[in-house]
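What follows is one structure encoded as structure tokens, with my remarks underneath.
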Amino acid sequence: MNLLEKLDAAAAARKALLPDGVGAFGIPIEEVFSATEARIGSRRVLLMGTNNYLGLTFSPECIRAAHEAIDKEGTGTTGSRMANGSYFGHRALEKEFADFYQCGSGIVFTTGYQANLGTISGLVGPGDTVLIDGDSHASIFDGCILSGANIIRFKHNDMADMEKRLRRLGDNIETTLIIAEGIYSMLGDQAPLADIVQLKNKYGGILLLDEAHSLGVLGKTGQGLVETTGLLNEVDFITGTFSKSLCSIGGFCVSNHPQLEQLRYVSHPYIFTASPSPATIASTRAALELLRKGSHLRDKLWSNCRQLYSQLQEVGYQLGPDPGPVIAAVVATPQQALLLWQQLLEHNIYVNLILPPAAPEGKSLVRCSVNAAHTTEEIRYVGDTFVKLYDAINTQA
Amino acid sequence: MTESNYDEIMKLLCDRLSDLTNADVLIAPETNLINQLSIDSIKLLNLIMEIEDAFDISIPINALTDVQTVRELADLVHKIKITSS
Ligand SMILES: Cc1ncc(COP(=O)(O)O)c(C=O)c1O
């Protein structure tokens with residue numbers, strides 16, 4: 001098979017799972033009306049599959065900041081952070097993140113994906129070890145591959161399994177980076193951070209926590225899992241993204257280790273890419289401020305989460321173990337998932353469809369993400385629709 | 001580590017692989033994991049965890065880049081087992 005034939009074979013396998021014309025992946029959004037509504041084709045749909053957890057995509061403060069930045073600084077920086085791409089805003093945002101996490105320093109990256117790539121590949125290299133959760137996000141896995149370090153996986157959130165693998169590392173623990181996530185994006189469950197920290201303290205190693213989905217969502221001020229567990233000082237490096245609760249695009253790493261600064265000189269995903277645009281940085285700074293004082297948004301978000309989670313659980317859907325903004329219905333077959341996804345769209349509800357191999361352990365998922373801008377009535381409509389579809393989905397074996 | 005340990009590794013691999021794949025595919029040392037057994041990456045990664053537990057070793061995933069056949073996987077496991085014991 002030549003290179004193009006290999007792609008044809010992969011496309012054929014994809015089409016066998018998802019016939020042409022079913023636009024579940026990369027669905028064209030024609031118009032966006034608000035944090036919760038958009039037009040897909042001729043339908044006005046309720047957006048239940050975004051990462052807009054605090055519902056800030058149309059916040060006047062963020063929009064105003066972005067407009068002003070474009071007017072003052074133009075549309076792009078046209079350069080790397082290492083060269084001409086470190087404006088006042090980039091540096092200010094780094095300080096604001098460091099301050100938010102009460103850390104010595106912070107680095108801003110161009111995306112959350114690159115924040116993981118850049119942090120991991122800057123911290124470890126060939127001969128070192130990364131111990132990662134089996135359900136790690138692709139940005140973590142790819143960062144590990146880029147680093148050239150030895151990659152060891154432990155079973156998702158299984159502390160006995162993690163301990164076994166830590167023990168086997170022996171002296172290599174000296175040069176081991178342990179990586180977990182605040183909230184896992186597939187099932188919405190949280191890392192058992194207290195247990196992870198305890199194991200880290202028993203065996204050694206450096207701990208990195210990706211708060212991509214937990215930033216703004218968990219904790220009184222929205223720091224994430226480090227805040228709800230009170231373990232901020234036990235985590236060595238925190239990464240996260242601007243693309244979810246902060247409603248823009250970009251990523252960060254913060255740490256109390258002064259060595260973080262050295263990453264700017266060695267980390268290719270930091271150096272060999274252009275820095276975020278001025279408007280992106282400006283809206284992110286405004287959003288971070290709103291996030292920090294947004295406990296009312298978190299209250300609304302969590303009340304929405306609990307409402308939908310309990311309604312779906314009651315009718316019998318198999319869900320992730322923890323209620324939270326990511327609520328995934330696990331179904332037995334890709335066909336059932338597709339049917340549920342299509343039927344929800346027929347009811348003007350857009351959710352995410354996740355088929356193997358993207359979902360853990362070959363599962364198929366129909367994943368909702370809840371946000372603070374959803375009204376109680378909207379959440380009830382989504383819940384009622386799931387309830388209405390339950391029998392139809394489950395009689396289709 | 002002795003010959004019999006190598007055989008033990010090979011037997012475990014063949015047993016587990018036949019559980020994971022179609023029963024009608026015969027598994028031999030030269031069988032290609034991807035082309036012939038269609039083992040997808042997730043199944044392979046989970047199999048690696050099982051082998052780690054069975055032999056109490058660490059098998060870095062990145063060491064799998066050169067592994068295509070059952071024999072190559074057995075060789076890798078054997079090599080790690082020898083150097084770690
Ligand atoms: C856990 C996790 N980390 C990192 C990322 C990457 O973030 P970004 O979309 O900003 O590249 C994501 C988002 O998809 C994620 O879910």
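The values are calculated or read from the model by the stated rules, or taken from the named source; none is laboratory data. None of these values were measured; they are calculated from a predicted model. Positions of Cβ are generated from backbone atoms using ideal geometry, with glycine treated the same way; all protein chains shown enter the neighbour counts. All accessible areas refer to the heavy atoms of the entire protein, side chains included, with ligands and DNA or RNA removed. Shrake-Rupley method; radii C 1.70, N 1.55, O 1.52, S 1.80 Å.
Structure notes:
- Applying the Karplus relation 6.51 cos²θ - 1.76 cosθ + 1.60 with θ = phi - 60° to the stretch A:173-188 yields 3J(HN,Hα) values of 4, 3, 10, 10, 10, 9, 10, 9, 10, x, 10, 7, 6, 7, 10, x Hz, where x marks Gly and Pro.
- Lys-Lys pairs in chain A that are eight or more residues apart or on separate chains and whose Cα atoms lie under 16 Å of each other come to 7.
- Solvent exposure ordering (accessible area, 1.4 Å, most first) of B:Glu72, A:Glu181: B:Glu72, A:Glu181
- Probe 1.4 Å - accessible area at B:Asp40, Å² to nearest ten: 70 Å²
- Order of exposure, largest accessible area first, which applies to B:His78, A:His257 with probe 1.4 Å: A:His257, B:His78
- Separation of the B:Asp53 and A:Arg292 label points, Cα + 7 Å toward Cβ, nm: 4.6 nm
- Antiparallel bridge percentage (DSSP; both residues within the protein assembly as shown; nearest 5): 60 percent
- Options A:Leu3, A:Ile63, B:Val77, ranked by Cα towards positive dipole end of the protein assembly as shown, top entry (Cβ charges): A:Ile63
- Fraction of alpha-carbon pairs over 26 Å apart in the stretch A:60-292 - percent: 33 percent
- Accessible area (Å², 1.4 Å probe, nearest 10) - A:Phe88: 140 Å²
- Cα long-axis angle, helix B:3-20 against chain B (0 to 90 degrees, to the nearest 10): 30 degrees
- List A:Trp341, A:Trp302, ordered by accessible area with a 1.4 Å probe, largest first: A:Trp302, A:Trp341
- Working ranking of peptides A:383-392, A:321-330 by packing, defined as the average number of other Cβ atoms within 10 Å per residue, highest first, is A:321-330, A:383-392.
- Principal semi-axes of the equivalent ellipsoid, √(5λ) from the alpha carbon gyration tensor of chain A, are 33, 27, 22 Å from largest down.
- A Förster radius of 25 Å combined with the Cβ-Cβ distance from A:Arg91 to A:Asn233 puts the calculated FRET efficiency at roughly 0.50.
- Whole-percent P(r), chain B, all Cα pairs, 5 Å bins from 0: 3, 15, 29, 28, 17, 7, 2, 0.
- The mean count of C-beta atoms from other chains within 10 Å of the C-beta of residues in B:57-66, rounded to a whole number, is 5.
- Neighbourhood charge, 11 Å Cβ-Cβ cut-off, centred on A:Gly219 and excluding it, Lys, Arg +1 and Asp, Glu -1: +1
- Debye intensity ratio I(q)/I(0), log10, the stretch A:343-397, q values 0.12, 0.18 Å⁻¹ (C-alpha model): -0.34, -0.72
- Helix B:70-84 and the longest principal axis of the Cα set of chain B meet at an angle near 20°.
- The accessible area of A:Asp299, taken with all protein chains in place and a 1.4 Å probe, comes to roughly 100 Å².
- Residues A:Thr221 and A:Glu261, FRET efficiency given R0 of 30 Å [Cβ-Cβ distance, rounded to 0.05]: 0.75
- Helix-only CD estimate at 222 nm, as mean residue ellipticity for chain A, using -39500 (n - 2.57) per DSSP H run (n ≥ 4): -13000 deg cm²/dmol
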